[in-house]
Amino acid sequence: MASSKHKFKYGVHPGVLMAQSSLEKLKEKTGKTIQQWAGIVTKEGPSSDRERHAWLISAHGFGRSYATWIADWAGGRGQENCDGKSYLVAAEGYVDDMFAGPKAHLREIFEAIMRETYSLGKEVKACPCKTIVPIYRNHVFAEIKPTTRTRIDLGFALKDTPLAGRLIDTGGFEKKDRISRRIPISSIEEFDDEAKDWLRRAYKMDG
């Protein structure tokens, strides 16, 4: 039931903060805000997203990131990718969608992990994406992913920590990804002392 869902306070994703910071400088650089540029695209630019993106680069000298943000804004979407307030509204929906339908029963596990994660320190923040919920201290130190209809993978930034217990190698260390180890969790009972201990270790390693 929707009424049983706990509403957690999420943080703005670092990628959104970076985009927002860049767009705050847009008027200083060009004399126009993103809303004004979106209006120009709508009135003077091509109709398709791909053509708009290319037109902003070729006709106005924008880099790829700026062209993407402006083209998306002109198309009436993408605000959640470059505006903190819009992102936080979208983040609630990302989580609801992740744990909808056949994955709804996994939400109990997700909420237990979130409560434990937030208990680690005041600087901890969760920044939901569409398919995962990365957890930050200074960097990503954990990741919650409803991988299948029956399982959440709780990932950890543990570098090349030797495997032990239920810990599984993600292959991330070799690929220079932060999430290098994970534990599969299929029931609330499996979010046990071992899983919580690895979560604490990952948090401390990011201190």
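A short reminder: the numbers here are calculations on the coordinates, not readings from a lab. Just so we're clear, the structure is a prediction, and the values are computed from it rather than from any experiment. Cβ: placed from backbone, ideal geometry, glycine included. Neighbour counts: every protein chain shown.
Compute the signed sum of charges (Lys and Arg +1, Asp and Glu -1) over the other residues within less than 10 Å, Cβ to Cβ, of I185.
Working: positive: R151, R166, R182; negative: D153, E189, E190, D192.
Local net charge: -1.
Contour minus end-to-end for K9 and E116, with contour as 0.36 nm per residue of separation and end-to-end as the Cα-Cα distance? Working shown, then result.
Working: separation 107, 0.36 × 107 = 38.52 nm, distance 1.38 nm.
Full extension of this stretch gives 37.1 nm more.
How much length is gained if the chain between S48 and D160 is pulled fully straight, taking 0.36 nm per residue apart and subtracting their Cα-Cα distance, in nm to one decimal? Kindly include the intermediate steps, with their values, before the conclusion.
Values: separation 112, 0.36 × 112 = 40.32 nm, distance 4.56 nm.
Fully extending the segment from S48 to D160 adds 35.8 nm.
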Q) Under 19 Å Cα-Cα from K103, which lysines qualify once same-chain neighbours fewer than 8 residues away are excluded? A) K5, K7, K130, K145
Q.
How far apart, in nanometres, would the label points at I188 and R201 be if each is projected 7 angstrom from Cα along the Cα-to-Cβ direction?
A. 2.7
Q. Which Rg and Dmax, in Å, describe the Cα atoms of region 136-195?
A. 11.4, 32
Q) Evaluated at 25 °C with a viscosity of 0.890 mPa s, what Stokes-Einstein diffusion coefficient in µm²/s does region 102-205 have when Rh comes from the Kirkwood expression over alpha-carbon pairs? A) 181
Q | Largest-first principal axis extents, alpha carbons of the chain, Å | A | 60, 40, 29
Q | region 1-41: radius of gyration over Cα atoms, expressed as a fraction of 2.2 N^0.38 Å | A | 1.86
Q: Give me the number: length gained by fully extending H139 to E24, i.e. 0.36 nm times residue separation minus the C-alpha to C-alpha distance, one decimal in nm.
A: 39.0 nm
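I need the calculated FRET efficiency for the pair C129 and I168, taking r as the beta carbon distance and R₀ as 22 Å, to the nearest 0.05.
That gives a FRET efficiency of 0.55.
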Q. Running Debye on region 14-84 with equal point scatterers at the Cα sites and no solvent, what base-10 log of I(q)/I(0) appears at q = 0.21 Å⁻¹?
A. -0.83
**Q.** Listed residues P184, Q20, L158: farthest to the positive end of the dipole of the chain (Cβ charges)
**A.** Q20
